[in-house]
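Here is the structure we will look at.
The values are calculated or read from the model by the stated rules, or taken from the named source; none is laboratory data. These figures come from a predicted structure and were not determined experimentally. With ideal geometry, Cβ positions are generated from the backbone for all residues, glycine too; neighbour counts draw on all protein chains shown. Areas reflect the complete protein model, heavy atoms only, side chains present, ligands, DNA and RNA absent. Shrake-Rupley method; radii C 1.70, N 1.55, O 1.52, S 1.80 Å.
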Amino acid sequence: MKAITRYALLGLVLLAGCARGPAQEAGRPAGGGGSSPERAAETITAEDMRERIAFLASDSLRGRDTPSPGLEAAAAYIAEEFASLGLQPGGDSGSFIQRYPYPLVSLAGGGVRLELLRSGRRTALTYGRDYYVVPGAADSAVGSLVFLGTAGQAVASLEESVRRGQIPVIYLPGPVGAEWQRSAGRVLRAAEDARAQGVIFVLDPDIDVPFIERAAASAAQPRRMLGGQAGVPAYFVRYAVAREFFQQAGLDLDELRRRAEQGSLEAVQLPGLTVAMGARVQVIEPALAPNVVGILPGSDPVLRDTYVVFSAHMDHVGVGRPDERGDSIYNGADDNASGTAAVLEVAQAFASLSQRPPRSLVFLLVSGEEKGLLGSEWFVDHPTIPLDRVVANINVDMIGRNSPDSIVVIGQEYSSLGPLVHEVAARHPELRLVVAPDIWPEQRFFFRSDQFNFMRKEIPALFFFAGIHDDYHRPSDQVETIDTDKAARVARLIFYTANEIATRAEPPAWTAQGLAEVRALTGGRR
């Protein structure tokens, strides 16, 4: 089955009152901030932040799930705000909306197979006992096998094996958890870049049949996929089963695994062994999800062709299990109505300037972040602006809670943007904000918001983030819990920092160590 790249837009009717937020009803003008950055920053107020967050986190939007009518209402509101500010549309076909396909799909009945062929003998593995599959863009593949060792080793040699028409086999050690998922993700990103038709993972010996059964049952459930079918199909094989087919090729998997873990293994062919595999996916329900893109062109005839991109995700997790009060709407006031409101307020401040900054500014509100950074992934892979002309990304997510006088900025150690944000904060003591480094490195927040997709394209980025709290992903994340004064001050810091980026002739630059670390963290994927 081919990757689905296009769908007719679903007929979704939104009441004008639902799509229009309170800020527009108040008739706020697009400009009026005056000529100086200081006066423009004054347009960013706690009252405006509260109004915007209150609308986006209202029960009527029902948690802004991707996709949903509530998310469409949020996108329509943002697009109207961009139009009222005089921004140029940066979406599809002259609109503010960029659409990406996000259909509901499932594994087709009887469509999963993993067969080994040797000397005319065919051995079929049993799905749900011997292996499970996470489907992807290719619904079938046939090829010889090559063992590339552990995930870290495989990334470097995967492209060459795929070029030779081989199916890579990778050992995935350890219990299933965050590090396990990151290792598998790095391999699959490298496999996607290499245009692999599939990957076989050999699971840790301690992962048993009941885990395989549960994983297979989960994979059989209908789910939504970016683009219809995303990524490379991955087949996860139980260790004891893999050991048997390595023996058929005259190889000792236990010994190869030990050598791989010691770092002394090079790629090993599995002679005389061919694999045929397939995981066919069918579309149950087509859907398109929105990003919203507004552009403020720069004033300099040369620098206006370069861009600073602001991003925040406008989606949340929708309606779910009721809490102890019986509330089942996950409003997402902090996560991430706060960041969305900040980007809108920063756009308003820049639009109020009588003299625009030299570089162009892109205001990007994405969906699908809660589903796996999908909207930003689609944007950077299908950009509506020249992505190689983007000099920086400023991402904003959850800025309305916790310590009132500090803001964590993740990514500052990777590029010249780090010293810049400290310089700006020192120049504006009236903001009463201490710029803190990542104080939760073990949480790997770098991977968990939309700056990740810009950084994997090697665009320097900063991530403004105030941290999680007891209301995170709960119905209690409501506007009443937001420190709108802090959120407004953070938005002003973002405005001042971006104004420096957009004004200085020299673009932000990676540090050598920072770029190396980013490439390692993202698997070198572009």
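Side notes on the structure shown:
- In this Cβ point-charge picture (+1 for Lys and Arg, -1 for Asp and Glu), region 124-239 has a dipole of about 260 debye about its Cα centre.
- Region 106-172: relative contact order as a whole-number percent, Cα under 8 Å and 6+ apart: 24
- Highest average packing first - 174-182, 231-239, Cβ atoms within 10 Å: 231-239, 174-182
- Nearest-ten-degree value, helix 69-84 long axis tilted from longest Cα axis of the chain: 40
- Cα-based helix-to-principal-axis angle, 417-427 vs the chain, degrees rounded to 10: 20
- Rounded to 5, percent antiparallel among DSSP beta bridges of the chain: 55
- Heavy atoms of the protein chains alone define the surface here; on that basis the chain has 39 Å² accessible area per residue at 1.4 Å probe size.
- In region 46-98, Cα pairs under 8 Å separated by at least six residues give a relative contact order of 18 percent.
- Of the residues Ser68, Ser36, Tyr132, the one whose Cα sits farthest toward the positive end of the charge dipole of the chain, with +1 on the Cβ of Lys and Arg and -1 on the Cβ of Asp and Glu, is Tyr132.
- Stretching Gln443 away from Arg39 to a fully extended chain increases their span by 141.7 nm, per 0.36 nm per residue minus the current alpha-carbon distance.
- With q set to 0.26 Å⁻¹, the log10 of I(q)/I(0) for region 370-413, from the Debye formula over equal scatterers at the Cα positions, is -1.06.
- For the chain, size of Cβ-based charge dipole, Lys and Arg +1, Asp and Glu -1, in debye: 1680
- Value of Rg to Rh for region 171-294, rounded to two decimals, is 1.01; Kirkwood radius and Rg both from alpha-carbon coordinates.
- Cβ-based charge dipole, region 56-191, positive-most Cα from Pro168, Ala154, Gly120: Gly120
- Summed over qualifying helices (DSSP H, 4 residues or more, each -39500 (n - 2.57)) and divided by its residue number, the chain shows a 222 nm mean residue ellipticity of -9500 deg cm²/dmol.
- Crossing angle, helix 209-219 versus the chain [Cα axis fit, 0-90 degrees, rounded to tens]: 50
- For region 410-526, the orientation-averaged shadow of the C-alpha convex hull comes to 8.4 nm² (one quarter of the hull surface).
- Distance cut-off 23 Å, percentage of C-alpha pairs in region 346-459 lying past it: 38
- Packing, as the average of other Cβ atoms within 10 Å across residues, places the peptides 436-444, 368-376, 280-288 in the order 368-376, 280-288, 436-444, highest first.
- Split the accessible area of the chain by element, probe 1.4 Å, and carbon with sulfur accounts for 50%.
- Per-residue packing, averaged as other Cβ atoms within 10 Å, sorts the ranges 343-355, 253-265 into the order 343-355, 253-265, beginning with the highest.
- Positive minus negative residues near Pro404 (Lys, Arg vs Asp, Glu; Cβ under 9 Å): 0
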